[in-house]
Structure formats: C-alpha cells, structure tokens
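Single-structure report; data block below.
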Amino acid sequence: MAAAEEKNPSVRAERYAGPDSPFLNQEPFARQGEWGGRLGALEAESPFLTDIEQARARPETAETESTAAFGDKLVPADAFEFEEQGIINGDNRLRVKDTTAVPWRWMCKILVEDSRGRPVGSGTGVLISNKHVLTAAHVVYDAYKNMQQYTITVIPALDDLQEPFDRYALASKPKIRREYDPMAKDSFNWDYALLTLGTAVGQKQFEAIHGNPLCYWASPECGANTVFARLDPRLLNGKAAYTAGYATGKGGKSLWCATGILHSANEKRRIMWTTADTTRGQSGSPVWIIDNKKNCLVGVAAGAGTGSNIVVRVTRELVHQLRAWIAEDGETPAMIETEEAFEPPLHLMPEPETMMRPDSQAKPWRQPETEAWEESAASVSTPGWDQTEEPEAETGPGEFEWQRGADGAEEAAPDAVQGAEEEFRVDRLPQKAQTQFAKTDSAAWRDAVDAAIAAGVKNPNDLADLIFFMQHRDRVDRQVGKPIDKADPNFFKLRAEWNLYHTIASRRLTPSTSCSVFLPARPSGDYEQYVAKPTTGRITLLINGRTSATPKTDAFDSMQQAVESLGKNDVVYLSAFQFNTTKLTGPKPPGIATWTDLFVSKAKQGVKIRIIMTDIPENGPTGWKSNLDDLKKAVERSDFPVSARDNLKYIVSMHPAKLQFQIVSFTKKIVKVVQTGGISAHVATHHQKFMVVIEDGSTVAYCGGLDISPQRTPEGWPNIKLQPANALVWHDTHVKLEGLIARDLEREFILRWNREKDASTAGRLADWKPFENLGQAPLSAADREAARNIHKLQMHRTVSVGATPPDIRRDDVWQGYFRLIGCAMRYLYMENQYFHVPEMADAIVKQAEAQPDLIVIIVVAFQIDDPTNQFTDHGRALQNEFFKRLFARFSKIPNNRLRVYTMVGRLVHAKLILADDQALSVGSTNADARDFFMDTQLNVMLDAPEAAKEFRHQLWSHDLGVPETTVAAWTVSDFLPQWDLIAMANEGLKATPEKMLGEGVVPFDPTTVKGKLFAIPDVLTEMEVEELEDDT
C-alpha cells in the first residue's frame, strides 16, 4: 500500500504488532488542537477499529499508481484531483478491511435504479431490525414519490465485488415523515427514512459468518454490545463520533470509516454537527459514539459542509417514530426510549458561532449519487482498465443530464420528465462542433468532440450524445435528437452502442479513464432477470481441433477425467445443445467406450447425473437433434439396476419463442413472417453448452462451444489430407472453471432444471421417480480456497421468452462484447462461426478511430454446418455487410490495422473475443442476432491480465503451429506481420493441407460470400423450412 503523507508530523504514528493490527503504519485519525487527547482516548476504547485499514486521499502521481493484485488486502491511497465537500481539514477516512465483522456487517449500500435498471442514486443505511434499514430520506425520496419509476436495492456489507449477505428488494414503499420536504429550509429536521426489506435478513444464516445469523444493530440477542438510544444531547458535545458509509468519490463499493467530534447538540435542535468526513454516497450512514463501553447509535449522516457536516440526531421523537413504523410491520423494535416525554418540536436554533461552525452552504446530496464513470478505490494493474465492477452508464441520448440549480448545487433531472433543457440539440453545440456535426465522414465525430471539449463541454454524457447522433442522423429532426426508448425495436443494440460512446467520450476527456468489462449484478429469484455478480475463480483454456496434423481434445479429456473420479453422492449437471453417443477421447476404463457408457457406470455407483438438452424447433435441421433412443436404451439396459436408474435423468426443453409463418414458395422453400393467420412454429433453442461436476463439495465447471457429439471429436473428422471433403475438423474453445464462478454455473443449471423439468418434451421413463427440484449446497471450504479464486470472472447470459425485442430478458453477452470493444486500446482478437450483426462492425470501427494504435484480427468460418435456404442466405448477407463496413472504413484508417483469416478444412466454431491481454469473453454465443438476443446462451467474462495473456499464447500457438515461447516473444507490432507470414505460407499449401502449419490459417475475404437479404427478423438464421406444419 502506498503510504499516505502524515497530516500532523508532530504526532507519532502508532504501531500495532501482530495480525490484529488495525492500521497500516499511519495515525488512525487526524487530531485537531484541544480535541486530540480526548479523541485518542476514545479511539482506544473502540472494539471495532481492528478491521479498518487506511487509505488517505491525495493528488495522483506516478508514484501513487497501484500495482496491487486483485484480492490483495492492502488498499492503496486514492488518487483524487480535488477535495470533496464534506471533507474536513483533509481526508482521513479509513477503509474497512472485513465488512463481515461487527458492526460493519450491518452497514448497507443503498442503490436506486430507474425503470431501465440504470443506477441513478446511492447512499448508505444501517440494519436496525431483522428487516428494517435506517437511512436518510433524501437518498430514497425520488423513489418514495414514484415507486413505479424507481427501484431500491439494499446490499449489506458490500465490499467491492463481494456481497457476502446478498442483496434485497423492498417489501413496500419507504417510510418518510410527512413533514419532510427536500426543498424546505428545515429539511434536515426530518431527513431520515425507514426501508422495509422483503426478507428478514437479520434472521438468515450465512456461510460468510460461519453459519450464524446476520442479526442487526442493537439486537438484544446478538447485537454485540451495540445499542440504539436517545442520549442526553449535552453529553454528546465534544464526544468522538464514528461513521461509516459507501463514499461515491471512493468508488461507492467499499466501506469507509471516519471519526470526528460531535458539537452543537441541543435538546431544542433535531440536528447536530460533526467533524467526521462524510461525502456523497455516505448519506444515511449511521453515526455512533462509545458510551459506557457500548457503541451507541446517535444519529444519521445527512449533509455536507466545509467546516462540519450535518447529522440528524436520535431524539425521543425519532425513536418513537421508528418504533411505531417497525411495530406496524410486526417486529419488536430494539431502540431505547430513556424518558417518557417527547422533546418539544421547537423551531431550529442557529448553529453557534464557533471556529467549527458548519458551512453556510451545507446541503444534502439530493442529486442522484451515481457511481458510473468515477474513480474506484480498488487497485488498477493496467492503465485504462478498471479492476472493479462498474455499473452501466447512467444515461442515454437526451434522456437525463446533470444540471446546475439556482443555488449552485448539481441536480439531476429525472428521465421521466423530458424538458426542453434535457434534449440533445445541434444548435446548442459550440459553433465549431456544429460545423463538424454537419460532416458525414465516419471519423468526423473526433473533431466534433474535440471542438466541444475545447469549448468547455466536460460532461461525457453530452459528448456521448454528440457521437451517437452523428452516427444516427436519422434520429435528428429539426435539430433535436430523438432519445433512446425501451420501446424502440433496436433498444438493446442502441443501449450498448451509446455506452460504448460514453467510454470513448470519457477517455477523450481524460485518457486515463478506467474501463470495466463487468456488468452490474442484479440478484433475483426470477431466472429471466438475474445477473450474476462479478466473482472470482480459476480459469483454464481447453482447445479442440487439429494443429499441424496433431489432434487436440483438451476439453473432452479433462471432462472425462473429472467424471471418472466421481463416487457415490457426487454430482454431474450437463446443459447441452446436443448429447449423442460419442467415443471417449482419453484412456478408456474397462468396458466403457462412450460418454453414454461412462454416465451409466457412474449412475450405478451412486453419482447423480442430470442432463438438459434442447429440443430443436419444428423447422430446425433434424440432424441437430440429440439421439434420445441411445440414451433411453442405456438407461433401460437390463444390467442397469432399477434402483439406480433415478440417478441418471434427462429432460428435453423447447425454447418458448414462436412466430407465425406464411409459405411464399414451396419449391424454393421461402416463407415470410406474419402477425396472424400463418403457421405457428418454434424458432429458438437453448444453446448453452456447460457441465458442472461436484466431487466431495468441490465444484468444477466447463463451458464454451463444445457438445458431446461425434462431429466434435476426431471420430467425426476427416484425415490429415482433409478427406472426405464433406467432413470438417471441429475447431473450438472451451474453459475449465474452479472456485466461486463454478457455483454460478451450478446455480444456472439448477434454476433451468427447476424451471423446465415439468415441460420436458421427452417425457419421463417408467422407472424414474418424478422430476425433483434441485437445490444448491452451502459454499464449501474447497470452493473458497484462495488458489481456486485467483481470477476475476463473471457469468453472462442471453435469455428471452420470444423472438421479438419486447421478449428479450437478458442481453449480457452482447453488452459484454461492446464493453470489451470499448476497452480495447492495443488489439482486439475475435474467433467466431458467424459475424451477422453489422452494428458490431460499426462499434469496432469507432473504437479503431478512437484508438490510433488498435489492431483487429478476426478468424471466421468459411464452411458452416447450416442447411442451404433463405435463412442461411439472410445470415450470409448480414455477414457480408458486416465485413463490407469493416473493410470500407478501415481502408480510411492509417496503417491497415485490420486482418481477416479463416481455417482450411475446419469448422471455426469458437466463440471468443479477447482484448489487450487483459480481458476476454468465451462461451456458447455466436456473434449473431439469434445468439445475442434470442437463444439461451452462456459466456464467461475474464478480467485478469496474466490469465488473458497466457490464454492468447496457448491459442495462437495452436492456431498458427508455432511454440508458445515464440508467440510470447511477439510485441503487438509483431502480431499482423507474423500472422500474415504464416497465413501466406499456408495459402501456398492448399494442395497438400497436411503440410499446413497449425489449424490451416489462411487470408480470407468474407465479402466474396454474398448471400441475400429477406424480409425476415435477423434472429432467424440457422433454420430449416421443410417441416413447417400447422400446429393449430
């Protein structure tokens, strides 16, 4: 940790020995004048400070840049360019090391989101009953006024990417005093609110605290020496007070504690002041003191000044109100009323004229306290890449912008009210920016943005709007830009595009702006809505294919070994697009030749095996269906005891998406989509390809592009001379996952099984018991091991319930791709079977225009396994357009920084995007509209530089047929020349493919494959039309 400069060199920094040391080489709190001795004595009493570590704010310099690894307990000094309002005589806040300890576990991050799931405000609260959280009223006031427009999420003990006690929605509207008016002069008097959670979280038991209940502040059973009581205000003055909250200026995701002196408390005043640092995001933080060796909550942080900060005092009136509200919800309040009578509700007295007078401009942080695009307190190991989760950009074109009110405070106009001042208007741009806006050249946006910045435009939202509307001039009518609306058919594409432009604009303003590839977590019991939180794990690349005539079947070999090691009560979960009888690729145990044999043998030994296969739509190629006959025969074999057959169960699940078709031409097999009166047919699949193996509580998962099917293994491949010509080597990528990320894939399988089991189109075999609901076991010590949690990862999904934009539920993978594109500064590498979304080509071009050194390498399939029909032709036409846009626009970018290759005799089936040796996404998702927006998909996002670099070394060594050490020696400037050298050599060996290096990489121009566009939705590729039948 970079040591912070000591504010008071005359005071010796205290040293604490041993592992319980609360501070790292620094004085815990700044001491001021006469308060020093008293504060030091009070600090010594505190039992809570042993879980804090220090990180002082100071100007950013080269020496303060952090290189700490992710997960390191040492937190570097923050780097800020200015001191926020609420910082009193220098930032002396300390970061809490272990938020699961008492009392930090009861501090809650409060997140306010709009109806589109975008963060628009945040604050802090404290759990004061099993299901009630105390916070400041202004934090939740907008949601209180319009619960249809906003949602509130409460996250106890949030610590960067970790949510040890989960997150919770509210059961009802926040409770706020009717007297509270955020615009009134006396607003601070009533600036407190009570949130009622939908779950009695205080009673829940958690692994993070060894199976104990979470409890709450002042719980009589397990409150750990905390109390919540009205104390005599005369005793508060001069007391050392503590507060802890989620400061937005420090990233908003880690807990920071401060201390200072309470003063100006008076029984005739509902508020008091403290010198403890409290800034945006800390609104609603508890304020407590140590009284009689007990930690007593005495106030709620409410407003910021420059001399002192405002605290809503715990009065008898406040205690009585909270007790009444909690009792209304059927709980017994724990706060104490020490006297019977209320304090008189007298008019506010002015604060005393003292050297510690609060700033006359002190005010609550009423504006939404968004966390997006602000500096994080976490470590950054690569310039420009954020090592922590970052929420999506909070706005879209013309929807919502920061405005300065009459009193100089920044306030955010809610996007529910679209006033003229919130519109994007061309005529309000600086004159030079207007001139550039009129130009139609693809790269004119750079000059327009630079002109706007030079003229004083500093808001990245405004600059993102400028880029957006220069690319979408059709959305500008009479100088006014049409904002993105969720009802727009292209909403999901436009949202990701605008967020990309926000990243570009932010970096144009500040080149060192960090970038995150992770999505904000969205916990939910609803399968269609949840987003897994960023987590940790260990990832290993597994390659499938044939390199320089040598087969490589890493994934099948590793999965086989994992299953073979299982015994009684262990588990296998397999989610498959296909499952067919397939020969094992590794050494075969006696009497076991295929995957079907292996599963049956393990089921006999007591291993629980559950398989989900997709059903193929009526109009899908029959060759894609799993062979259920072989699996059914295996389960019903006479040597398979009936008592063990329940161990091996499978379901076949049809995706619910359907459309109406009308046949245009029987001979040419052409159809069109109609709203009514046509032939109804399913059009989507569950395309996830992952396996979870649980052995003695240790979870391992596999995911990527591979199914257990013969075509994926050497038994279905041509020989090294690529004969027979109609067979293809299956080039693919898969990954092995360990640690916490593997449990996320386990949970995904469990949710799908429980959701889809009763609708299986394969029915249930006679000897099977009814399909059971699956559950997830508690987190094991093995899955928590540090060695298995060395990489940062997040699971991304595609989920839909239909084939039209309103049916899209999750587009995580699409958003993840755009985040990766927006974060790439040196290179972007992509392998995929399809590139059917031209808008992605536009995004790559924009990033290349923004980053003058960015190179792009794409490997795409030349031969595919789809039937020939109008849907395939439509997909080919979309891919033709994708590459036409890339080639046309890259031709205008200096230094020819784009290359496209294919693999001879291979089906390029990998689904991979890699950026800057920093982050990558790998999984089952093709780069087409079907997979981004309709079919059920699963990818994993990795953000770990060393792992990403090793991933590239292994993959390129395989693809190009050169040693890993050779690949590792290449600099980015070597990438294109080295790829060209090998590709051109292979081009000259097409007559003797067995002599080609690697996977037969050769140059490729995909625009030579034309295709034809039809009047059908872009999601309808990879389909057949022969078997359309009326099912009405």
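Within the set 884/911; 173/486; 493/625; 604/769; 552/588, which residue pairs have Cα atoms separated by over 23 Å? Exceeds cut-off: 173/486; 493/625.
Extending 7 Å from the Cα toward the beta-carbon at both residue 625 and residue 1008 defines two label points whose distance is 3.8 nm.
Where q = 0.11 Å⁻¹, what log10 of I(q)/I(0) comes from the Debye formula for the range 718-836, counting one point per Cα? Here log10 of I(q) over I(0) equals -0.71. Between the alpha-carbon centres of the range 587-657 and the range 932-978 there is a gap of 34 Å. Measuring between their Cα centroids, the range 798-865 and the range 701-742 lie 23 Å from each other. If you wrap the range 103-175 in the convex hull of its Cα atoms and look at it from every side, the mean projected area works out to 4.8 nm². Computed over the Cα atoms of the range 85-235, pair by distinct pair, the Kirkwood hydrodynamic radius stands at 16.6 angstrom. With semi-axes defined as the square roots of five times the eigenvalues of the C-alpha gyration tensor, the equivalent ellipsoid of the range 792-1008 measures 26, 21, 18 Å, largest first. Above 16 Å, the calculated P(r) of the range 196-289 contains 67 percent of its Cα-Cα pairs.
With a cut-off of 14 Å on the backbone N, the residues of the range 934-974 near the modelled label site 7 Å out from residue 985 along Cα-Cβ are 957-964, 966-967. Once both labels are positioned 7 Å from their Cα atoms along Cα-to-Cβ, the gap between residue 853 and residue 715 label points is 5.0 nm. With the cut-off at 25 Å, report for the range 643-741 the share of all Cα pairs above it, as a whole percent. The answer is 55 percent, as a whole percent. Write down the percent of antiparallel bridges among all DSSP beta bridges whose residues are both part of the range 851-975, to the nearest 5. Roughly 70 percent of the DSSP beta bridges within the range 851-975 come out antiparallel. Take the Cβ atoms of residue 225 and residue 776, set R0 to 45 Å, and the FRET efficiency comes out at 0.85.
Given R0 = 25 Å, the distance between the Cβ atoms of residue 427 and residue 510 translates into a calculated FRET efficiency of 0.35.
The range 239-296 and the range 98-130 have their alpha-carbon centroids 16 Å apart. Sorted from greatest to least, the principal axis extents spanned by the alpha carbons of the range 882-1032 come out as 63, 39, 37 Å.
If you model the range 889-949 as an ellipsoid using its alpha carbon gyration tensor, with each semi-axis the square root of five times an eigenvalue, the axes come out at 23, 19, 14 Å, biggest first. Length, then width, then depth: along the principal axes, the Cα atoms of the range 546-646 run 43, 38, 21 Å. Pairs exceeding 29 Å between alpha-carbon atoms, taken from 482/658; 649/736; 185/293; 602/757; 658/846; 175/253: 482/658; 185/293; 658/846.
Throughout, read-outs are computed from the coordinates displayed, never taken from laboratory work. Since the structure is predicted, the reported quantities are computational estimates derived from the model, not experimental observations. Cβ atoms come from the backbone with ideal geometry, glycine included; neighbour counts cover every protein chain shown.
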